[in-house]
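See below for the structure under consideration.
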Amino acid sequence: MRRTIFHIDVNSAFLSWTAVRRLQDGLPDIREVPSVVSGDPSDRRSIITAASIPAKRLGIKTAQPVSMALRICPDLVLVRGDWEWYRTCSEGFISICRTYSPVLQQFSIDECFLDMTFRLQGKDPVETATALKDEIRSKLGFTVNVGIGSNKLLAKMASDFEKPDKVHTLWEEEVQEKMWPLGVRDLLWVGKRTEERLLAYGIRTIGDLARTGTGALTRLVGRKAALQLHENANGIDFSPVETEFREAKSYSAERTFPKDISDPRQLDRALFNVTCIVAHRIRKDAFKASCISVFIKYRDFSVVQRQCRISQPTDITALLLHEARRLVSEIWDQATPLRQVGVGLSKLTHDDSDQLSLFEDPQLEYYRAWDRSYDESYPAKP
């Protein structure tokens, strides 16, 4: 029986969910015009957390200040986010998805995986996926994309094809046609710095990456990352759809500043401190993390978050901090005042294999020694 995975992703979730709420109040549909969601629309320094497709076509992006967006589009519609309502919408969307398969893994507030392998019973996967997305639109008022593939990687890649309100397939036999022509940055888990290294070597498309030997890739990104990149570029992914809760789902720590800050050095010190805390906690419980996320909160209480997959599970503070700094650099302009910063670790495992950084860092033993010293002194910290 062919393994069949669905990835369901809400289209422009925060903006779509806000639009649904406004339509219930008899207001126009903000999805059809240039519009954005922010923490405090009356404050031109407020940060955009979601933008409509018409706004994105004008060059408006998330994490921009409202003032910058208004310079691009003076008639931009500004609306305030509502996190309680977003949770309600998320729960409704997950509830419908669960009726199609109990083997469900929620990936974020607005996306999930379904293992449909034993649920289709001879049915056409595309027809079933279309019925799922149409039911969500009919009952909840917003649209989703559904990606179908033989593993989680391919399903998620497929759901990122043309939007909104679409169903796409990406089977193993379609990888060369549909995935290989895409740029390397479009491959799941490839970040900006990895992209720069690959482009400098002449690897521009996923197909280029798939055809590059692991020996050459190892010299660029390290052995473990090279193997993962090569497998993913060839559409290989054996990870299961995880439905059971682990002993702990995630660890997180955050720092709220007494006064809003805009000094990059202050933020970096805070980021260092919270990363030390969460790294200590997972080591204490004998976990390693495969996913790290960071969030920053602005003075208007709007929040921007980024997450990434770590090439191999780790509990080493230095490696986690390296990724946290990179993520922060993608979402903060080093000038807009911040109220809070936080770091979260998830996709936890008790894996005891050797840890290797993305760039095969020769100082790993030094990092481990530093962590041991920190852990020994941690109870004495205020």
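Here, each number is a calculation from the coordinates, and none is a lab measurement. Remember, it's a predicted structure, so these values are computed and weren't measured experimentally. Counting neighbours? That spans all protein chains shown, and the Cβs are built from the backbone with ideal geometry, glycine included.
The charge dipole of the chain, taken about the Cα centre with unit charges on the Cβ atoms of Lys, Arg (+1) and Asp, Glu (-1), comes to about 720 debye, rounded to the nearest 20.
Each label was represented as a point 7 Å from its Cα along the Cα-to-Cβ direction; for Leu188 and Arg87 these points are 2.8 nm apart.
Between Ser377 and Arg80, the C-beta separation translates, for a Förster distance of 30 Å, into a calculated FRET efficiency of about 0.10. Name the residue from Trp180, Ala200, Gly222 whose Cα lies farthest towards the positive end of the charge dipole of region 180-233, charges +1 on Cβ of Lys and Arg and -1 on Cβ of Asp and Glu. Of the options given, the answer is Gly222.
Subtracting the Cα-Cα distance of Ala335 and Ala286 from 0.36 nm times their residue separation leaves 13.9 nm of extension gain. Pairs with C-alpha atoms separated by more than 27 Å, drawn from the list Lys61/Lys297; Lys139/Lys178; Lys178/Lys347; Lys156/Lys284, are Lys139/Lys178; Lys178/Lys347; Lys156/Lys284. Rounded to the nearest 20 debye, the dipole magnitude of region 180-233 is 200 debye, with +1 charges on Lys and Arg beta carbons, -1 on Asp and Glu beta carbons, and the Cα centre as origin. Each Lys or Arg adds one and each Asp or Glu subtracts one; over the other residues with Cβ under 11 Å from the Cβ of Ile261, this totals +3. Computed from the Kirkwood radius of its Cα pairs, the Stokes-Einstein diffusion coefficient for the chain at 25 °C and 0.890 mPa s stands at 110 µm²/s.
Each residue, Ile53 and Glu135, gets one label point 7 Å from its Cα in the Cβ direction; the gap between the two is 2.4 nm.
Applying the criteria of a DSSP loop state and at most 12 other Cβ atoms within 10 Å to the trypsin sites (Lys or Arg not before Pro) of region 119-169 yields Lys123. In this calculation the C-beta distance from Ile236 to Lys61 is compared with R0 = 45 Å, giving a FRET efficiency of 0.90. Stretching Trp370 away from Gln305 to a fully extended chain increases their span by 20.6 nm, per 0.36 nm per residue minus the current alpha-carbon distance.
In the chain, helical runs assigned H by DSSP with n ≥ 4 each contribute -39500 (n - 2.57); averaged across all residues and rounded to the nearest 500, the mean residue ellipticity at 222 nm is -12000 deg cm²/dmol. Taking GluC sites (Glu not before Pro) in DSSP loop states with no more than 11 other Cβ atoms inside 10 Å as exposed sites, the chain has its longest site-free stretch at 1-161.
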